[in-house]
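Worksheet: the structure to be examined is printed underneath.
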Amino acid sequence: MPEILIAFASILMVAVSQLLFKSAMSDTRRLAENRGIGKIVFHPKIVLGLVLNLASALCWIVALRKLQISFLYPMLSINYLLVPLGAWWLFGERLSKRRCIAVCVICLGVFVSLLAGTS
Amino acid sequence: MGDRSEIPDQRTPESLRGIGGTALFVSVLLCASAHLILRHAASDKVGSDLFGLFFNLRILSGLGIYGLGTALWIYCLGKLDLSLAFPASAIQFIIVFVGAKWILGEPIPALRLVGAIIILIGIGLLFFERRELDA
């Protein structure tokens, strides 16, 4: 079943694009000469992130044609775990106990919201 | 006490209560509005041909607002931790639910209301996070 892989790729691409955006903004903070708006817009990581977002949307549409919405939509909540974990792992962001709890609560809330009303 | 906290350049210690949090809220509000505008335009079926659909004024303004929201979102990431900003952006679900109910007149299932309340609790936890005292 390749559709589920396409759906998962779509979700992963969103997570990667967010990590790329964050990484790009960290770069521009560090390099004072890179502060111009053009340097940010055309930063390779920003461009790649935007392309990934577009590719993700296309993959999502492809996946939607074969898989049920009630099955697909709740999958979107995975990113609310993946993105903070990625930020912790790659950028060393500190996950306080409170932030960990908040992340899990929000992930659950998004899951429950998307579970509903897709019948 | 994290072994990873010695990367000073990448730390963005702002809380959601500062300018970063305000910008985040505006950014998410823009993206949610864009979703609602696009939904409103798509449900109209003005001209079933793809060309007419794309060059519809509402579609174009929806996409423009979406772009503006994304630009502001990237600005926010220069101010806030990604592990703070991304979960907080789930407030978009709440805005879209409220907009879908009151503007588009879509019914909101009870389970979705429960989900919205759970999301709000999580965002509340993030909003009142104390950055200096975390461990």
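Coordinate-derived values only; no laboratory data. Quick caveat: nothing in here was measured; it's all calculated off a predicted structure. Here the Cβ positions follow ideal geometry from the backbone for every residue, glycine too, while neighbour counts run over all protein chains shown.
At a glance:
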{"quantity": "Ranking of A:Lys22, B:Lys79, A:Lys97 by count of other Cβ atoms within 10 Å, fewest first", "calculated": "A:Lys97, B:Lys79, A:Lys22"}
{"quantity": "Straight-distance crosslink candidates among lysines, where the alpha carbon sits under 23 Å from A:Lys39 and sequence neighbours closer than 8 are dropped", "calculated": "A:Lys22, B:Lys79"}
{"quantity": "Peptide-level mean, for A:15-24, of C-beta atoms on other protein chains within 10 Å", "calculated": "4"}
{"quantity": "Label point at A:Ile4 placed 7 Å out along Cα→Cβ; residues across the range A:68-90 whose backbone nitrogen lies under 18 Å", "calculated": "A:68-79"}
{"quantity": "Residues of type lysines that B:Lys101 reaches as a straight line, Cα spacing below 24 Å, ignoring anything fewer than 8 places off in the same chain", "calculated": "B:Lys45"}
